[in-house]
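Encoded as structure tokens, the structure appears first; notes follow it.
Read-outs throughout are calculated quantities, based only on the coordinates presented, and are distinct from any laboratory measurement. Since we're looking at a predicted model, the values are computed, not measured. Here the Cβ is made from the backbone with ideal geometry for all residues, glycine too, and neighbour counts use every protein chain on show.
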Amino acid sequence: MMEKQCPTIKMYQFFPVKDAADETVKDSKFESDLKVTKGKEGQEEHIESKISTDLALSFESQRENKKRKLINSAAESFKIRKSSRRRVYDQDHLPLLGVSTELKLYEDPWKIKKTMTQSDLGNLSRLLLATVLVIMYVFPVLRVDEVNNAESENGTKIRFWDLDIGSKEYELVLKRWPSSKSYVFIGNWNQYFVKRRELKKGDEIGLHWDPYHRRFNFSVLKRAM
């Protein structure tokens, strides 16, 4: 007899079909979440940048306020000393005392001018400057620490450039001169300027600030006759 063959049963495994619409929604949600995350990161970076900028501006403002107080204090002290002597000031110095001046069509760049005296040419090797000139035209261009040093015993270093010759930079030290209550440039003043430029009594020199190079330009404006 022939044996009966059992029918073969094929097994199939069915997997759920993903709905394209669901995938689109999930992708859209992922992209949305990613944008939110990036947005938050961007906001955090913006906040950090703003805080850093605000701190820098605040620090700079504090430094400027401190320098302004130092200059005002020196100016007030100068006015008190000079008022007791009943000294008359010229038009260039009146703004410091709160007096308005007439409008000038030509702005002279040489704000600091000095006619050489015997003390400027002597062995002490110093250039004496009136306090009013330092307060008006030197302190405002210096940093806070430089102004503080100028008021101390050590003084502060200032660079100079001979505009007439343009050979190289020279360095002098600005400090308050205790005996005269004025300010002086000391160091190698005699060697760098008096002897090298053959300065004589009655010669007029000028200084003006170069903000780009942070130094004073020097020039012999007039020779004594």
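Miscellaneous remarks
- Qualifying chymotrypsin sites (Phe, Trp or Tyr not before Pro) in the stretch 160-217, DSSP loop, other Cβ atoms within 10 Å at most 15: TYR212
- Sites listed here are trypsin sites (Lys or Arg not before Pro) in the stretch 187-225 whose DSSP assignment is loop and whose Cβ has at most 15 other Cβ atoms within 10 Å: ARG196, LYS200, LYS201, ARG214, ARG223.
- Rounded to whole Å, sorted largest first: equivalent-ellipsoid semi-axes of the stretch 106-222, Cα gyration tensor: 20, 17, 14
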